[in-house]
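The structure under discussion appears below in the form of structure tokens.
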Amino acid sequence: SQIVIELVKMALNGQLWHHGSYSLLNLTLGFALAVAVGVPLGLAAGTFPRFNLLIAPYYWSLNSMPRLAIWPLLVLWGGFSIKVKVALIFISAIMTILINTMAGVATVDPVLIRVGRVLNASRLQIYTKIIVPYTLPFILTGLTQGMSRGLVALVVSEMLGSGRGLGYVIVRSVEEFNPAKVFGMLFVLIFIAMIMVNGMDLLERRAAPWRKQIQL
């Protein structure tokens, strides 16, 4: 009951929208940049082995590095501005998107490529009609995982250095010894995560209707 009271109070005085909209803005910007860069890079790395050899040391090193280790460096460069939070979300989300996309390209059936060539399909048609549709489920899986990682990076960045956002509210609530407010923010984050996961599941069913779940 205390959690509900705190959420209602924040909704009525505008704090919930004030902090929630700021967090959603950071998450949207960081994740959109990760998608815009990660998907084309993954498709290119999976298609061209030489390009993959060129960038592989960079993305594997960045993927194995703890994200929190990058945060102090980002703060030194950009302070506690919104671009630093967007950068951390971008770095956290792009790796899973890139790697899943690249793995999807590697699983494309070579028979389909040969059939496309026999039918005189151009390279662009093979890419858009065979490779991308075949890779689409892997891309959507990478987007789901990247979105989850981006949400974690968002909360961490706002908890470590911010004057606004859901992570900031959690830290201030702890300092004020207000556990009900902390749990309220956690429930809000869970609600956001559920919307994102269900939204990606709906997108997958719309974008890749041929992918059926195996029933034993």
Region 68-170: radius of gyration over Cα atoms, expressed as a fraction of 2.2 N^0.38 Å: 1.52
Along each principal axis, Cα extent of region 1-155, largest first, Å: 66, 35, 22
Spatially proximal aspartates and glutamates relative to Lys9 (Cα-Cα < 18 Å; intrachain offsets below 8 disregarded): Glu176
Label-point separation in nm, Leu53 to Leu203, each point 7 Å along Cα→Cβ: 3.4 nm
Compactness index (Cα Rg / 2.2 N^0.38 Å), region 132-216: 1.45
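Excluding ligands, DNA and RNA, what is the solvent-accessible area per residue of region 48-198 at a probe of 1.4 Å, expressed in Å²?
About 55 Å² of surface per residue is accessible.
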The chain, dipole about Cα centre (Lys/Arg Cβ +1, Asp/Glu Cβ -1), debye to the nearest 20: 660 debye
Kirkwood hydrodynamic radius (C-alpha pairs) into Stokes-Einstein, region 1-50, 20 °C and 1.002 mPa s, D in µm²/s: 155 µm²/s
Carbon and sulfur %, accessible surface of the chain computed with the full protein complex present, 1.4 Å: 70 percent
GNM flexibility winner over the chain from Val174, Val86, Val35 (Cα, springs under 10 Å): Val174
Dipole of region 84-191 [Lys/Arg +1, Asp/Glu -1 at C-beta], most positive-end residue of Val155, Thr144, Thr128: Thr128
Rounded, prolate or oblate (a/c below 1.5 giving rounded, otherwise prolate when a/b exceeds b/c) for region 12-80 by Cα gyration tensor: oblate
Charge tally in the Cβ shell below 14 Å around Tyr168, where Lys, Arg are +1 and Asp, Glu are -1, Tyr168 excluded: +1
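The values are calculated or read from the model by the stated rules, or taken from the named source; none is laboratory data. Remember, predicted model here, so these are calculated numbers, not experimental data. Cβ: placed from backbone, ideal geometry, glycine included. Neighbour counts: every protein chain shown. Only protein heavy atoms, including side chains, enter the accessible area calculation; ligands, DNA and RNA are left aside. Shrake-Rupley method; radii C 1.70, N 1.55, O 1.52, S 1.80 Å.
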